[in-house]
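Reading through the structure tokens given below for one structure.
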Amino acid sequence: MTGPLVTVSELAQLLGKVTVLDVRYRTGGAAGPAEFEAGHVPGAAYVDLDADLAAPPGPGGRHPLPDPAHFAAAMRRAGVSTGRPVVVYDDWGGRAAARCWWLLRHHGHPDVRVLDGGWAAWWQSGGAVAPYEDEVGPASPYPGDFEAAATGAMPLVGADEVLDLDLLVDARAPERHRGEVEPIDPVAGRIPGAVNVPTEANLDEEGRFRSAAELRELYEGVGVRPGATTAAYCGSGVTACHDLLAMEVAGLSAALYAGSWSGWITDPSRPVETG
């Protein structure tokens, strides 16, 4: 595998040689565990975004980063080992899977990919689906040996740094970026100076990531440049990872502002921009 994505055909050849994580999750969508038990990529383990990939809501936003020890323990339960490649998928265009990809990379796992097209692409391709007739309930993987390490492979920025960056990318929908509507958080608007690349722009009509050349043109078009200090944010720090994944596909890099909009507005002294 090369790059941060893996295709359905590649994953089909790799089953049994990689750890597969199912991170099905959508804001306001169907319950991931029930969908997982109804059918999943063979050998996959379910990872709960709220429980395993985030800390409880608070001053750090709606989905603060999980405690490293808690995250590592969750990954070990899912069978993740440092020396074994990991493939992550969801049913949300890669938005939830990108959060798991980012966290594993951030905490030192060297080989993590996202299944391009996710569960829909796997299902539509006719790929094998568990549980089989003789399989009951969720998968029970062998525990892994993953330990969270402070490698700095995927950088972070804090609220006190974002206004000094060369560029800040907002991954939310355009109407939320402009402050016209805010369906989730109590304040509408954006962090001053932020440019908008909604996650939908990263995907083609089939729900797969656009080519590296197309994504590079997209992000360079809003000002992302090698060597510039750049970060991405969203509503709660989850879908911003989708923009970071797209930039990685394009050969670009940026940090994550994990608190994102929901964390930014917990301090009323911080400026807000609309329009």
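So that you can scan it fast, the table gives a plain yes or no per residue for (1) part of a strand (DSSP E or B); (2) among the acidic types (Asp, Glu); (3) under 15 Å from the mean Cα position of the chain (by Cα):
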position	(1), (2), (3)
Arg24	no, no, yes
Pro33	no, no, no
Phe36	no, no, no
Gly43	no, no, no
Asp50	no, yes, yes
Ala54	no, no, yes
Task: Residues that are closer than 17 Å to Ser253 by Cβ and of a type in the set (D, E, K, R), drawn from the stretch 160-199 - done: Glu161, Asp166
TODO: Exactly one condition in (1) crowded, with 23+ Cβ neighbours inside 10 Å; (2) assigned to a helix (DSSP H, G or I) is not met by Arg216; state its number.
DONE: (1)
Task: Top-ranked residue in the stretch 57-98 [being within 22 Å of Asp243 (Cα to Cα), small (Gly, Ala, Ser) and not in a loop (DSSP other than H, G, I, E, B); ranked as farthest from the chain's Cα centre (by Cα)] - done: Gly61
TODO: Working only within the stretch 209-246, note down all residues that are more than 20 Å from Leu53 (Cβ to Cβ) and in contact with a helix residue (DSSP H, G or I) (Cβ under 7 Å, 6 or more places away or on another chain).
DONE: Phe209, Arg210, Ala212, Leu215, Leu218, Tyr219, Val224
Task: Output for the stretch 235-255, where each listed residue is among the aliphatic types (A, V, I, L, M) and closer than 16 Å to Ala173 by Cβ - done: Val238, Ala240, Ala246
- [ ] Would you check which residues across the stretch 226-248 are touching a residue at least 24 places away in the same chain (Cβ under 8 Å) and surrounded by fewer than 21 Cβ atoms within 10 Å (Cβ to Cβ) and list them?
- [x] Pro226, Ala228, Thr229
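What residue, of Gly207, Gly179, Gly223, is more than 16 Å from the chain's Cα centre (by Cα), in a loop (DSSP other than H, G, I, E, B) and either of a type in the set (A, V, I, L, M, F, W, C) or more than 25 Å from Pro64 (Cβ to Cβ) (or both)?
Details: Gly207 fails: more than 16 Å from the chain's Cα centre (by Cα); Gly179 fails: either of a type in the set (A, V, I, L, M, F, W, C) or more than 25 Å from Pro64 (Cβ to Cβ) (or both).
Being more than 16 Å from the chain's Cα centre (by Cα), in a loop (DSSP other than H, G, I, E, B) and either of a type in the set (A, V, I, L, M, F, W, C) or more than 25 Å from Pro64 (Cβ to Cβ) (or both) holds for just one of Gly207, Gly179, Gly223, which is Gly223.
Picking from Ala171, Ala194, which residue would you name as being crowded, with 16+ Cβ neighbours inside 10 Å, in contact with a Ser or Thr (Cβ under 7 Å, 6 or more places away or on another chain) and either touching a residue at least 40 places away in the same chain (Cβ under 8 Å) or in the same structural domain as Arg62 (by TED's automatic domain parsing) (or both)? Steps first, answer last, please.
Values: Ala194 fails: in contact with a Ser or Thr (Cβ under 7 Å, 6 or more places away or on another chain).
Answer to the selection: Ala171.
Take the conditions part of a helix (DSSP H, G or I) and either within 22 Å of Leu49 (Cα to Cα) or not polar (S, T, N, Q) (or both) and apply them to Leu256. Does it pass? Steps first, answer last, please.
Details: part of a helix (DSSP H, G or I): no; either within 22 Å of Leu49 (Cα to Cα) or not polar (S, T, N, Q) (or both): yes.
No.
The values are calculated or read from the model by the stated rules, or taken from the named source; none is laboratory data. Note that the structure is a prediction, hence the values are computed from the model and not measured. So basically every Cβ, Gly included, is an ideal-geometry build from the backbone, and we count neighbours across all protein chains shown.
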